[in-house]
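Presented below is the structure to which this report refers.
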Amino acid sequence: MRSHYCGDLNTSHLDQEVELCGWVHRRRDHGGVIFLDLRDRNGLAQVVVDPDTEEAFALADRARNEYVLKIKGRVRHRPEGTVNTNMPTGEIEVLAKEVEVLNSAETPPFQLDEHGKVGEEVRLKYRYVDLRRPEMAEKLRFRSRVTHQIRNYLEDQGFLDIETPILTRATPEGARDYLVPSRTHQNHFFALPQSPQLFKQLLMVSGFDRYYQIAKCFRDEDLRADRQPEFTQIDLEASFVNEDDIMGVAEGLIRKIFKESKDVDLGDFPRMPYSEAMNRYGSDKPDLRIPLELVDVDDLMQGVDFKVFSGPATDPRGRVAALKVKGGAELSRKQIDDYTKFVGIYGARGLAWIKVNEKAKGLEGLQSPIVKFMEGVVDELLARVGAEDGDIIFFGADKTKIVNEALGALRCKLGEDLNLYTADWAPLWVVDFPMFEEEDDGSLSALHHPFTAPLCSPEELKASPGGQLSRAYDMVLNGTELGGGSIRIHDQKMQEAVFDVLGIDEAEQQEKFGFLLDALKFGAPPHGGLAFGLDRLMMLMTGAKSIREVIAFPKTQSAACVMTDAPGEVSQAQLKELNLRLRAKPQAEE
């Protein structure tokens, strides 16, 4: 029906007859001449309809925003003084000869032009209208271009695109599974995959050597701005590789798509041990654009007459850390109170601070509710954090995990609020992760997943599991984890040792992972891989505030689709067929 896309027209098409199809983005009547901005997925073209084409003029006069039209006309220069340099098609216009109304439209629930302001809930309810907005359409076009580049790169590197099952069984991946009842196997359930992890390992055992997939994954977990119950993963795995091999492929991929899509050279990807990242930045995904660092001051605080500091300072599981902000003494008391509330989100019971007004005056030059406790250590404290006049020092004192999370988040919050960024992009690799982390009840859980290879023997792992490192690696960009991976366990004895440490007994091992343990008996090669979150990557590259902005039909924060009203109820007949019965909802307490 069309000869060209609206957004593709330019001066090379002058005097050509064209046929366009699209939506009326805006209609204007200027002294008897009607101007239509016709929109399709590639952009806008201005259409001029003169009254001397009576039938076309009458149809254009009736058209309103979001009417679907077909236009036949001739491309011509815009008159002098009317060129729009802000539009790719701003030098030309189409003089219409014929106008055909393909469909009318009711008044849309919100404006689609750049002046429209509407809440996200309304946008998601009418997502098919929201996606017509040029900025939304551009994000999805960008995503399509990037996925094409990803496929080209990985296939050039010898990776094969292989699909893995969507209906599988539950595995311990750190979040709740979405379960699917089986009609043919009564009282049994499939699980939607949290990742293709085990299947891609089995492909390596099968000898396919290099696999990739742009895979749908599902996790029934609490949502945040960068999480969805269903998300897309760039998944890859390779055989006969070590950490450098996989990290090299992954780094090359990210470099390529940033250069081709944004003309950005990401520069060096430094490597930082997990322990250093946590100690200096309080996070295993530090934003290196922000020149703020946590400084340990435990030793200075052990003898102060202030139990809020001395307690954690003498506790082996505690930490007292300082965060100096250059020029931060200008922060008002209200701003400090707001930051105190902010760190409370992460479990901090308060936020101590010292303003350095005149360093040379010692205690008298400092302003703080806690400065009276610092008499014996103030000089060394200021020297250690490098404080100068006009700075503020924030303190965290609690269990190490709370201090890291609270000050790590505060560091990022200050970086954003005070615009402390020193670069546009700051990539890095975080390496040397602990194999396990301790839960509140004293048990151990896998920091990544239980198929990650440790940097030790099975015997060493069993003898001292808490102190072992893993062969895992995460790629971080601007404080966001782009992807993570590891060298996998390819030896059955090592896999059983990890299961033993995690408290998974032999019966449960066989029930849940017998197929994997069996596969490791039959010549499993050394292998490893990595998975990127495509949605997060697109969020970063487009500057979106949420991954919902780069997904065509996302869910809300409550994991619901307000457009289709999903999840929904099903009939009793369907439930009976699945051998399911619903419990009555408990009555609300009065």
Criterion: under 30 Å from the mean Cα position of the chain (by Cα) and not in a helix (DSSP H, G or I) - qualifying residue of Gly376, Gly303, Gly347: Gly347
Would you confirm whether or not the stretch 45-56 contains a residue that is in contact with a strand residue (DSSP E or B) (Cβ under 8 Å, 6 or more places away or on another chain), under 20 Å from Ser104 (Cβ atoms) and either at pLDDT below 95 or in a loop (DSSP other than H, G, I, E, B) (or both)? no
If you go through the stretch 66-82 one residue at a time, how many are of a type outside the set (D, E, K, R) and at pLDDT below 95? 3
Cβ-Cβ under 6 Å pairs, at least 6 apart or on other chains, the stretch 428-450 side part of a loop (DSSP other than H, G, I, E, B), far side surrounded by fewer than 20 Cβ atoms within 10 Å (Cβ to Cβ) and among the hydroxyl-bearing types (Ser, Thr, Tyr): Asp432/Tyr274; Phe433/Tyr274; Glu439/Ser445
One residue from Gly252, Gly248 being under 27 Å from Gly267 (Cα atoms) and in contact (Cβ under 8 Å) with a residue 40 or more places away in the chain: Gly252
Which one is modelled with the lowest pLDDT, of the residues in the stretch 116-169 that are touching a strand residue (DSSP E or B) at 6+ places or on another chain (Cβ under 9 Å) and among the polar types (S, T, N, Q)? Thr168
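The values are calculated or read from the model by the stated rules, or taken from the named source; none is laboratory data. The structure displayed is predicted, hence computed values, not measured ones. Positions of Cβ are generated from backbone atoms using ideal geometry, with glycine treated the same way; all protein chains shown enter the neighbour counts.
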